[in-house]
Structures are given as structure tokens and as C-alpha cells.
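Read the structure below first, then the notes.
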Amino acid sequence: MNVASVSLDLDNLWAYLKTHGDPEWERMPSFLATATPRLLEVFGEHGLTTTVFVVGADAERDDGAAAVAAITAAGHEVANHSFGHEPWLHRYSRTELEAEVVRTEEAITAAGAPRPVGFRGPGYSVTPDLLDVLSERGYRYDASTLPTWIGPLARFYHNRSAKSTKDSSELFGGFSKVFAPNRPYRWDSGLVELPVTTMPLLRVPIHGSYLLQLHQLSPALARGHFRAALRLCRVFGVPPSLLLHPTDVLSAGEAPGMEFFPGMAVPARDKAALLGWVLGALRRHYEVVGTGAHVARLDGDLRGTRRLERSG
Ligand SMILES: [Zn+2]
């Protein structure tokens with residue numbers, strides 16, 4: 001059976017408000033105590049072992065450390081999702097990038113998880129400096145790219161709705177992402193890139209919050225979209241790597257201030273039902289593992305697919 005992966009970015013309420021430019025983020029509001037057990041319950045019901053990308057600033061706090069401990073105890077991989085979930089991470093210097101990576105590793109291991117070997121940056125962007133830091137620190141994979149043309153649309157939406165006046169021209173990636181590979185590949189350094197899968201050919205997202213956005217219009221549309229994506233993945237031999245977020249199981253009332261966020265009008269019970277259906281559909285065709293295990297399983301197939309790190 002072919003392998004697919006599921007990963008979760010444990011983005012907290014404050015991180016969404018920060019990206020949205022809501023000053024309320026500085027109080028660091030958290031929904032991890034609600035979201036983490038609910039997500040672990042859904043994964044447990046499906047007997048799934050996944051990967052959870054954790055933000056260092058959360059892992060340093062009591063509720064985040066408790067989340068890391070619970071995730072590890074349930075057998076999931078804990079990976080690095082940067083320290084400050086800074087959407088402008090790609091503007092950082094090499095020293096600043098290294099500090100983001102290292103401080104998060106320290107917080108994750110202090111909370112009881114093994115040292116991470118996987119990284120996903122906030123905002124779906126990687127830079128040569130970042131890849132350098134990761135391979136130097138012994139990381140096996142990066143999972144930061146989202147090969148889609150929806151990014152520029154998301155940026156347009158963000159610029160219209162955000163309260164922040166900070167320039168976001170590079171937020172959510174540029175048009176070049178359309179041509180980024182949808183399949184896993186290997187960088188020069190040996191580090192594996194595992195893209196967040198988008199629908200083959202159409203290059204539209206298939207991750208949880210996008211499906212919820214469709215679900216808000218029509219539940220049949222969301223299911224049809226995901227079914228079509230799985231069919232195309234099988235036809236084109238693209239191993240799906242599905243991305244989830246805590247908001248995929250939370251109601252609007254459980255994420256105060258996030259009414260702006262797509263799909264938040266869907267009740268938590270309907271969200272959990274859709275997520276269960278999605279995971280079931282994925283498991284009918286694939287052996288589903290976390291991103292780290294996915295990379296390990298693909299390893300032999302990735303020879304000869306190296307790309308130059310500094311080719312732009
Ligand atoms: Zn994130």
C-alpha cells in the first residue's frame with residue numbers, strides 16, 4: 001500500500017491574531033487546552049500516528065508544554081514550527097533564523113519530546129539560509145512549501161482585511177509557487193522537502209481549513225473536492241501529505257477574535273465529522289503516517305531528484 005501523511009500545525013490563537021494584525025495577540029491568548037485533547041481524540045479514533053509542528057513560544061508555556069507531553073505520550077512525532085510564528089521569517093538573518101530553530105528545539109525537548117528532525121516555517125516559505133541551518137542541525141526534512149496559486153489570492157484578502165499596515169507583499173508566497181514541485185524531493189544538502197500537497201494539475205489547496213471553507217458553502221462540495229484530489233494523486237503518483245490545524249475542530253466561540261477566518265462559521269461537531277470523513281477517505285487508499293515516517297519511507301525513491309538550494 002502506498003504511503004500518505006497527515007500533519008498538524010499547532011498554531012495557537014495568538015499566532016492567528018498576530019498574522020491578522022490584531023494587537024490582542026500580545027496577551028498571548030491560547031486555545032490549546034481545548035484543541036489538543038480534541039485533536040488527539042480524532043487521531044486516536046482513527047488509530048493514526050501523525051506529526052505535530054509546535055511553536056516554541058507555546059512549548060515554553062505551561063499549556064504548550066502539557067500539549068507537547070500529551071502529543072508525545074500518544075505516540076505522535078513533535079516537529080519544529082519556529083519560535084515566534086513570525087510570518088516574515090524569511091526576512092530574518094541567518095543568526096536570527098538559527099535562534100528561532102534552536103530555542104524551539106530546547107522548549108520541545110524540555111517538555112519531554114525527542115529533539116525534532118522536521119521543520120515547517122509559518123507562512124509557507126523557505127530560504128537557502130534556513131535550509132542551511134536545518135541541515136547543519138541534523139534535520140531530516142522541511143515541510144514548508146505549499147505549491148499553489150491561491151497564495152496571491154490569500155494575500156489580497158489579507159491586505160484588504162488585516163488591521164496591520166505592515167507590508168505583506170511576501171506573505172503566503174508569490175506566484176512562483178505555482179511551479180514549485182508538488183512531490184517530495186531532496187535539496188543539495190540531503191535535506192528532504194515534503195511539500196504540503198495541493199490538487200495535482202489544478203494546484204488548489206486540499207488542507208483542512210480549505211476544505212472547511214468549501215464545507216461552509218456545501219458539504220458535498222468539500223467531499224467532492226477531496227475525493228477528486230485523492231483520485232488525481234493516485235493517477236499522477238503524488239503521495240498526499242495532508243495539513244491540519246486546531247481550527248479544524250474548534251467552533252467560532254472557542255477561538256474568540258477569529259471570526260474573520262475562513263470556515264469558522266462551521267460548528268465544531270460538523271468540523272470533527274468532516275475531518276473524520278477525510279481521514280477515512282485517505283486511509284482507504286493509503287497507509288497513513290506522520291511526515292517524519294513518510295520521509296523515511298520515501299527515502300529510497302528520492303535519489304536523483306536533488307535540486308540546487310540556491311537556484312532561486
Ligand atoms: Zn503555523
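FYI, it's all coordinate maths here, none of it is from the lab. Just so you know, these numbers come straight off a predicted model, no measurement behind them. FYI the Cβ positions are ideal-geometry reconstructions off the backbone, even for glycines, and counts take in every protein chain you see.
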Within a Cβ distance under 12 Å of Arg227, other residues only, what is the Lys/Arg minus Asp/Glu net charge? +4
By the scheme Lys and Arg +1, Asp and Glu -1, what is the net charge of all other residues having a beta-carbon under 13 Å from that of Leu48? -3
Around Ile206, which amide H atoms from residues at least 5 apart in sequence, or from another chain, sit under 5 Å from its own amide H, with H modelled in the peptide plane? Met199
Could you check what % of the DSSP bridge pairs in the stretch 3-301 are antiparallel, to the nearest 5? 15 percent
What percent do you get for the relative contact order of the stretch 1-141 when only Cα pairs under 8 Å and 6+ apart count? 22 percent
Here the Cα Rg-to-2.2 N^0.38 Å ratio for the stretch 186-312 is 1.19
Have a look at the stretch 1-61 and give its Rg and Dmax from the Cα atoms, expressed in angstrom. 14.1, 48
Relative contact order computed over the chain (Cα-Cα under 8 Å; 6+ residues apart), in percent: 24 percent
Which order do the peptides 37-46, 53-62 come out in when sorted by mean C-beta neighbours inside 10 angstrom, highest first? 53-62, 37-46
Candidates Thr198, Thr127, Thr49: whichever shows maximal mean-square fluctuation once the chain is modelled as a Gaussian network with Cα springs under 10 Å: Thr127
Under 10 Å, Cα contacts only: if you run a Gaussian network model on the chain, which one of Ser144, Ser209, Ser93 comes out with the highest mean-square fluctuation? Ser93
Ser5's amide H: which non-local residues (gap 5+, or another chain) put their own amide H closer than 5 Å, with H modeled 1.01 Å from N in plane and none for Pro or chain starts? Ser241, Leu242, Val289
At q = 0.12, 0.14, 0.15 1/Å the base-10 log of I(q)/I(0) from the Debye formula over the alpha-carbon atoms of the stretch 13-155 is -0.49, -0.68, -0.78
Name all residues of the stretch 118-133 having a backbone nitrogen under 11 Å from the label point set 7 Å from the Cα of Asp63 along its Cα→Cβ direction, giving them as ranges. none
How large are Rg and Dmax for the chain when calculated on the C-alpha trace, in angstrom? 17.9, 49
Approximate spin-label separation Ala228-Val102, in nm, with each point projected 7 Å along Cα-to-Cβ: 4.8 nm
Along the Cα→Cβ direction, 7 angstrom out, place labels at Met1 and Leu201. What is the inter-label distance in nm? 2.7 nm
